[in-house]
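Data block below; observations after.
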Amino acid sequence: MPFEGDIGDYTVTPVETPVQSVIRRARELISESPGWSSHNYREGDAFCILGALRAAHHDNAWRPGTGGAQDYVMRVLRRRGYTGITTFNDHHASHAEAFAVLDAAYEAAGKPKGAKLDLSGISWAHEPPPPAVAPPSPQAGPLAQRLRTLGGAIDRAVRAVLSHVVRRAL
């Protein structure tokens, strides 16, 4: 980290960001026995990765939201071709891989946006699933056209209403 260490008579210590704090607490939750779970956000004292992030963000209260920590975990998983945390956690992850992903997400959360992620330290036991490909539909062309037309009509209606509301407010 830049400016880490001694600078003359001053010592600079790296500071943990709030997102890093959530990720660290989530890692602690899944490290305790039984700790890690799959197919459920929470089973007793065991958590999946997403459940642990939520519990860590809300001090063990069960509410949605992870304070941005989920974005960093997804950044790591996307680099490996995964499309979701639950897909990775429930079908492909081992306990060690869950730790490794959280560790990489912790590091990423401490770096500036756009900084390169180094995932070479993670040994992946499983390959990500192949991307889902929708079968071609003979109705895709006309249906897509109808949806675009409908979307345009809705967009015009919303703009008209907003324009009217703004004019009345002024």
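The values are calculated or read from the model by the stated rules, or taken from the named source; none is laboratory data. Computed from a predicted model, the values in this text were never measured in an experiment. Neighbour counts are summed over all protein chains in view; Cβ atoms, including those assigned to glycine, are modelled from backbone coordinates with ideal geometry.
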Cross-chain or 6+ apart pairs with Cβ under 6 Å, the range 16-42 first and farther than 15 Å from Val101 by Cβ, then part of a helix (DSSP H, G or I) and at pLDDT below 90
Thr17/Ala109; Arg25/Ala56; His39/Asp90; Tyr41/Gly51; Arg42/Gly51
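If I ask for residues that are over 10 Å from the mean Cα position of the chain (by Cα) and surrounded by fewer than 24 Cβ atoms within 10 Å (Cβ to Cβ), which ones from the range 84-101 would you list?
Across the range 84-101, the qualifying residues are Thr86, Thr87, Asp90, His91, His92, Ser94, His95, Ala96, Glu97, Phe99, Ala100.
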If I filter the range 98-121 down to residues being out of contact with any helix residue (DSSP H, G or I) (no Cβ under 8 Å at 6 or more places or on another chain) and part of a helix (DSSP H, G or I), which single residue comes out as nearest to Cys48 (Cα to Cα)?
Ala100
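Determine if the range 87-96 includes at least one residue that is among the hydroxyl-bearing types (Ser, Thr, Tyr), in a helix (DSSP H, G or I) and in contact (Cβ under 8 Å) with a residue 60 or more places away in the chain.
no
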Does Thr87 satisfy the condition of being of a type in the set (Ser, Thr, Tyr), more than 25 Å from Pro18 (Cβ to Cβ) and either modelled with pLDDT under 80 or out of contact with any strand residue (DSSP E or B) (no Cβ under 8 Å at 6 or more places or on another chain) (or both)?
yes
